[in-house]
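Only one structure is covered here, and it is reproduced in the block below.
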Amino acid sequence: AVSDDLKQFEVTTEEFKDCVVKHLHVTLGTDENKASKKAWWNATCAAVNEIVFERVTKTQKTHYQKDTRAVHYFSLEFLMGRFLKNNLTSVGLTDIAKQALEQLDLDFNEICEEEPDMALGNGGLGRLAACFVDSLATLGYPAIGYGIHYEHGLFTQEIQHGRQLERPDSWREYGNPWEICRPESIQEIPLYGYVETKYDEGGHIHKEWHPGRIIKGVPWDIPVVGYGAKTVNILRLWESRASDFFNWDVFNAGGYLDAQVENVQAETISKVLYPNDNTEAGKELRLIQQYFFCACSIKDIIRRYKRAHGNDWSKFTDQVVIQLNDTHPAVAIPELMRILVDRAEMHWDDAWAICQNVFAYTNHTLLPEALEKWSVRLFEKVLPRHLEIIYEINSRFLEDVVEPAFPDNDEVKRKLSIIEEGHEKMVRMGNLSVIASFKVNGVAEIHSQLVKSDLFPEFNQIWPDKLTNVTNGVTPRRWLKSCNPALSKLISEYVDDDWPVHLDKLQKLNDFADDSKFQKVFMQIKHDNKVELAKVIKSLTNIEVDPTALFDIQIKRLHEYKRQQLNLIHIMALYRRLLQNPDYDMPKRVFIFGAKAAPGYYMAKEIIYAINKVADRVNNDARIKDKLKVVFLPNYRVSLAEKMIPAADVSEQISLAGKEASGTGNMKLALNGAVTIGTLDGANIEIAEEAGEDNVVIFGLTVEEVKAKKAAGYNPWDYYYANEELKAVLDWFDTDYFTPGKPGELAEIKRSLLDYGDTYLTLADYASYSDAHKKIDRLYQDKPTWARMAIINTATMGKFNSDRSIQDYVNNIWKLTPCFIEE
Ligand code: 26W
């Protein structure tokens, strides 16, 4: 059906070509003779936008006329990547564009490479938000993504002498063709100052916040094109500016230069994305970022609501649901309360009832260092009125909800309180989010279980229906159709061409898993993708890899819980085995990493250095005859993932059980026919259920076993002394074998695994991991068996379509109806 839909944009190659050339002239102000590749890219985007912008307008108009209920997805991160290929896929003009550019003597892929990634996110959480807005538009749901228009996205990573260097990312330095500025929807946001308590004639108390500063929020809209381009929703990102209004006095007092200093401060708010993934920094600027975009977005929502309903608040919760992407936007809760109570002069109970029907919260991590807490002192300085409101929410909650459920139980009260008592009082954003939301979800079955049992058990007792699960998903448009065109074409031939919106149809491929002809074509495509990746590897690192080797890929943020160090130790052990026995039976292997470390995360950076040092040594050791190669690809990002994922034979998903909430890279890799080597963690468990135990390689401790082992007192030295190979590999870190002339340069890694207690039980899982790799080796050497596994992986990943995740949210949380947009 969708392939028919795509025919609505019947544009000929000739017309598309003329349109690109037209834009080269009238939009870019250049011509065919002197245009740079960047100008051609810009002109191509402008041509696509002739369709896209038209559909944005139509969609917005229809939503307004039909007064639809909508979800508002609040997120500090949207990791969108590139748009050109994706938008062409959505409007069904990929082939037309390719031919048009060819006729202009341009290479389509080269032009696409001109586009900088829009990297306004760190990793999993930000990329999930991007997949979700894609699915919402594809399914025709009224939705808007709200976030920050960072001037600098996630830093670009360079590797120098094996170490990570960070450089600023300037994704829109010279403009971005996909965004539209909307100065007509600017908002003004207060900050700092003090609260005045007033009493009216009736003796009623009224609070008035006198802010110390006003910041302007300027919205930029990015069209989010659903597949088939019927619905084009928007992502609305706020940029901070100094408010001229507020600076008027300063100007008049002759403080022109001082005013410029204030401008710089205001514009700092949306300057840069915080590069921490899973660790909380507690910085004032970060709290201001959170408040700034939440306050802008809530004002925007209310403005739109009032346009349709005036001052009648009774329909507000019918029209508006706000999804909090982790606790990062949780300050939206006291902000909505402030608007309702202080501004709309609503009774507290009525305002609170609205809040409790508007907010829902997704938890993405259990790591204690990632759970957000703000010091009361900082909160009071930046948002004095919000702190008062939080105290009020808290005291009512403790009295009206906790006391009846747990009478006279101070211990439970202490635990559930939004305020953590201690030498520095803290505001717990997780507790606030649970208390104010009508639904709270984890992101994979096991994670949601742990949210109930370990993170919020008492909340689950109080509200047994509040905590729930929505397993993550990924968009098959970007993560199969557009990144792996050869496999997509094969699937369309064997299945149907509407699989990008009915991913369950991939099941049909199961029928061909043992068909030797199909196996051959499927594996030939994998091989061709590996040839392409080998070229990328050569150009980025100058390392030569053999595309017939097994490509084993671990791509994700560098974090000790994700255990890249386990992968590294095993690689070193393989190297040692090959040195000890040149005939060691193993297929040729290439281990490929992509990972950024948070700039302040010391151990993560040491691990990157170690991987690169081991790579240097292994790749240049003639004794092992190229049987083993190690590659660290610099600057891992969405566009690089799109080249790596189609070329993977093995997908490394080796976090300590209980630590990875879901993972989504695991889904993308399996969907593209990679076999997972993984722990029973996050969505790996559900991937194994779908693919079948025979088609994934599971190893390591379970969540229960991890708990038991920790309770019994885990001692990494036991594993060190008990395993000769493990001991030898760890001792290698003390030598200069990988860092000639600099013995002990990698010793901190050994120390973290022994002296500092091996927080993530790396050594406990080593033997099991090594065995799992031996199994992989055996399976890979049996070509038909391997092909069968790879095919079944692709065939069974339908569940992990983000359309399914969104449908779960819609059914269980958001209660939306799709909105038909006329042609
Ligand atoms: C406050 C610092 C900070 C920054 C980011 C804390 C926490 C985060 C994120 C919640 C970390 C994150 O991206 N979590 C990942 O979310 C994915 C989408 O649900 C999951 O698939 C990953 O397992 C989870 O680590």
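The values are calculated or read from the model by the stated rules, or taken from the named source; none is laboratory data. Everything quoted here is computed from the prediction, not taken from an experiment. As a convention, Cβ positions derive from the backbone with ideal geometry for all residues, glycine included, and neighbour counts pool all protein chains shown.
A few points about this structure:
- The C-beta contact set for region 509-524 (first residue of a type in the set (K, R), second residue surrounded by 19 or more Cβ atoms within 10 Å (Cβ to Cβ), distance under 8 angstrom, 6+ apart or interchain) comprises K520/A787.
- Hey, G682 away from the ligand (no atom under 14 Å from the Cβ) and surrounded by 24 or more Cβ atoms within 10 Å (Cβ to Cβ) or not: no
- Subset of region 267-286 [within 11 Å of the ligand (Cβ to nearest atom) and either over 17 Å from P599 (Cβ atoms) or in a loop (DSSP other than H, G, I, E, B) (or both)]: L273, Y274, P275, N276, D277, N278, T279, E280, A281, G282, K283
- Checking the stated criteria, V331 turns out to be touching a Cys at 6+ places or on another chain (Cβ under 6 Å) and surrounded by 22 or more Cβ atoms within 10 Å (Cβ to Cβ).
- Odd one out for C112 among (1) within 14 Å of the ligand (Cβ to nearest atom); (2) surrounded by fewer than 24 Cβ atoms within 10 Å (Cβ to Cβ): (1)
- Test: residue in region 307-314 that is in a helix (DSSP H, G or I), without any contact (Cβ under 8 Å) to a residue 24 or more places away in the chain, within 14 Å of the ligand (Cβ to nearest atom) and on the phi < 0 side of the Ramachandran plot: no
- Going through (1) without any contact (Cβ under 8 Å) to a residue 12 or more places away in the chain; (2) crowded, with 20+ Cβ neighbours inside 10 Å; (3) not acidic (D, E) one by one, Y199 falls short only on (2).
- Enumeration of residues in region 553-573 that are in a helix (DSSP H, G or I) and either more than 16 Å from the ligand (Cβ to nearest atom) or among the small types (G, A, S) (or both): Q565, L566, N567, L568, I569, H570, I571, M572, A573
- Answer residue from region 685-715, given it is in contact with a Gly (Cβ under 8 Å, 6 or more places away or on another chain), among the aliphatic types (A, V, I, L, M) and farther than 28 Å from R478 by Cα and is nearest to the ligand (Cβ to nearest atom) among those: V703
- From the list D583, D626, the one residue that fits, being part of a loop (DSSP other than H, G, I, E, B), assigned by TED's automatic domain parsing to the domain that holds D777 and without any contact (Cβ under 8 Å) to a residue 12 or more places away in the chain, is D583.
- Residue match in region 591-603 (condition: surrounded by fewer than 22 Cβ atoms within 10 Å (Cβ to Cβ) and assigned to a helix (DSSP H, G or I)): yes
- Here the helices (runs of 4 or more DSSP H) wholly within region 716-823 that include at least 2 residues being over 30 Å from A360 (Cα atoms) are 716-722, 724-732, 747-753, 762-781, 783-795.
- Options L88, L79; residue that is surrounded by 21 or more Cβ atoms within 10 Å (Cβ to Cβ) and within 16 Å of the ligand (Cβ to nearest atom): L79
- From the list N666, N635, N612, the lone residue that is assigned by TED's automatic domain parsing to the domain that holds V545, part of a helix (DSSP H, G or I) and out of contact with any helix residue (DSSP H, G or I) (no Cβ under 7 Å at 6 or more places or on another chain) is N612.
- Residues (assigned to a loop (DSSP other than H, G, I, E, B) and more than 16 Å from the ligand (Cβ to nearest atom)) located in region 321-367: A344, E345, M346, H347
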